[in-house]
Amino acid sequence: MAKVKVGIIGTGYIGGVHAGLLARDERVQLAAVYDVNRECAEKFARAHDAQISDGPAEVIERCDAVYITTPNTQHVAASLAVIEAGKHVFCEKPLATNISDAETVYAKASKSKSVFQVGHNRRFAPVYATLKQLLSDKYTPHSAHVKMNRGELLNPVWTGDASVTGGFLFETPIHMFDMMRFLFGEVESLHAIGSTHEYSETDDFSVLLKFKSGFHATLATAADASWLFPFERVEVFSHHATLVTREMETLVCSTNLQGHFAEQSMQQLPREEKWGYVQEDRAFIDAIVNGTPPPVTALDGLMSVELVNAVYESVRTNSTITPRPVSLLAR
Ligand SMILES: NC(=O)c1ccc[n+]([C@@H]2O[C@H](COP(=O)([O-])OP(=O)(O)OC[C@H]3O[C@@H](n4cnc5c(N)ncnc54)[C@H](O)[C@@H]3O)[C@@H](O)[C@H]2O)c1
C-alpha cells in the first residue's frame, strides 16, 4: 500500500515531536517541511530526513496530509489552504483564536471529505483516558476543581505576545476547556473574574462553570504563578470519592472515608505516550488509512474556542455568559 505522504508547516518544538513519532509509523512518509525560518527548516529536514519546500503551497502539493504546527494565529490560513486542496489536516491547538475564524474553519472542514483533527492531545493521555473511564463506569461526578498554572510566558518567545497567541487562554489553558468537555460534558453557563499582573493582558483567571448535566466546576489558571508541580491538576468529587490527576503522571483515587487511596502511576511511560501524542498521531493516520472517525474534530476545536471566548467576554462584561451549545454550532 502507498504510504501517506505527510508534510509539516512550522518546524519548531511540537513539529519535531510529531515528526519523530510519524517516523515510527511505517504507513507514513515525511515528504515535505516548511518554516518561515529557513535555518530552522534546514536543521529539521536534516534531523528527520525530509525535503524542504519553498512555501506552504508546495508542502500541500507534495503531500496527502499536513500538520500545522505554527504559532496560534498562523493556524487558520494554513488550515483553509489545506482543506481547499482536498488534503487531510492535523491542526495543533487552538483551532483558531477567534470565533469567526473557528466557525469558518469548521464550516469548510465539515464540508470536506478529508480528515480534520485538532491537537487536543490530553484526551489520549492515559491519566485522563483512565479518569474518563472511571467516571463513566463507576463514579458519577458531582463537582470538580481544575487548575493549570504556568510559571511564566517566556518559552517559546511568542507565548507572552497576545497578538501571536490570541491571548493567554488560547495557549495552554485551552487544553483544560477541551478536557472539561471531554470529562464532564457540555457547559451551560460560566462566570469568570480575571486580573492583570506580569503581562500586558489578563493573566490570572477564576472561572465558575455550570454544565448541562447539573454538574459544576471551578477552574483556576494563572500565567505568572510558578513551576510548582503539578502545574496541571483535576480534582473530581463523587459520592465519598475523590479522584485526582497530577499532570500526566499520576491518577489518585480515594474511595473510602479512611483517607486511604490508590495511586496509578504513568511515570514510567515514554513522555510522548504519557502526553497522548503517540495515540493522537496514530488515530490521525488510522482515520486517513482506515476511514475511522478522527477522535478530536474541528467541532471540538470550535467548542474550545467558544468556551475560551466566553471566559474573556465574562471578564470583560462582569456577567454570566451562556456559550452557544454544540447542537447550535454543529452542521
Ligand atoms: N498539543 C500540545 O501539547 C502542544 C505543545 C506545544 C505546542 N503546541 C502548539 O503548537 C504550535 C507551535 O508551538 P511550538 O511550541 O512548536 O512553537 P515553536 O515556536 O517551537 O515552533 C513554531 C515554528 O513555526 C514557525 N512559523 C511561524 N510562523 C510560520 C508560518 N506562517 N509558516 C511557517 N512556519 C512558521 C516558527 O519559525 C517556528 O519554527 C502552537 O500553536 C502551540 O500552541 C501544542
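Need the failing condition index for Asn290 against (1) surrounded by fewer than 21 Cβ atoms within 10 Å (Cβ to Cβ); (2) within 15 Å of the ligand (Cβ to nearest atom), just the number.
Here Asn290 clears every test but (2).
For Phe124, only one of the following conditions fails: (1) under 22 Å from Glu61 (Cα atoms); (2) surrounded by 18 or more Cβ atoms within 10 Å (Cβ to Cβ). What is its number?
That leaves (1) as the condition not met.
Please work out if Val17 is near the ligand (Cβ under 9 Å from one of its atoms) and on the phi < 0 side of the Ramachandran plot.
Judged against the criteria, Val17 is a match.
Within region 258-266, is there a residue that is surrounded by 18 or more Cβ atoms within 10 Å (Cβ to Cβ), in contact with a strand residue (DSSP E or B) (Cβ under 8 Å, 6 or more places away or on another chain) and over 30 Å from Leu328 (Cβ atoms)?
Yes: region 258-266 contains one or more residues that are surrounded by 18 or more Cβ atoms within 10 Å (Cβ to Cβ), in contact with a strand residue (DSSP E or B) (Cβ under 8 Å, 6 or more places away or on another chain) and over 30 Å from Leu328 (Cβ atoms).
Since Thr245 meets every condition but one in (1) closer than 19 Å to Leu131 by Cα; (2) more than 16 Å from the ligand (Cβ to nearest atom); (3) in contact with a Leu (Cβ under 9 Å, 6 or more places away or on another chain); (4) open to solvent by less than 40 Å² (accessible area, probe 1.4 Å), which condition does it not meet?
Thr245 satisfies all of (1) closer than 19 Å to Leu131 by Cα; (2) more than 16 Å from the ligand (Cβ to nearest atom); (3) in contact with a Leu (Cβ under 9 Å, 6 or more places away or on another chain); (4) open to solvent by less than 40 Å² (accessible area, probe 1.4 Å) except (2).
Is it fair to say Met179 is assigned to a helix (DSSP H, G or I), within 15 Å of the ligand (Cβ to nearest atom) and either surrounded by fewer than 23 Cβ atoms within 10 Å (Cβ to Cβ) or at pLDDT 95 or above (or both)?
So Met179 passes the test.
Can you give me the ranges of the strands (runs of 3 or more DSSP E) entirely in region 214-315 with at least 3 residues that are within 21 Å of the chain's Cα centre (by Cα), in the same structural domain as Gly167 (by TED's automatic domain parsing) and modelled with pLDDT of 95 or more?
By residue number, 216-222, 232-238, 241-246.
The values are calculated or read from the model by the stated rules, or taken from the named source; none is laboratory data. Note that this is a predicted model, so its numbers are computed, not measured. With ideal geometry, Cβ positions are generated from the backbone for all residues, glycine too; neighbour counts draw on all protein chains shown. Areas reflect the complete protein model, heavy atoms only, side chains present, ligands, DNA and RNA absent. Shrake-Rupley method; radii C 1.70, N 1.55, O 1.52, S 1.80 Å.
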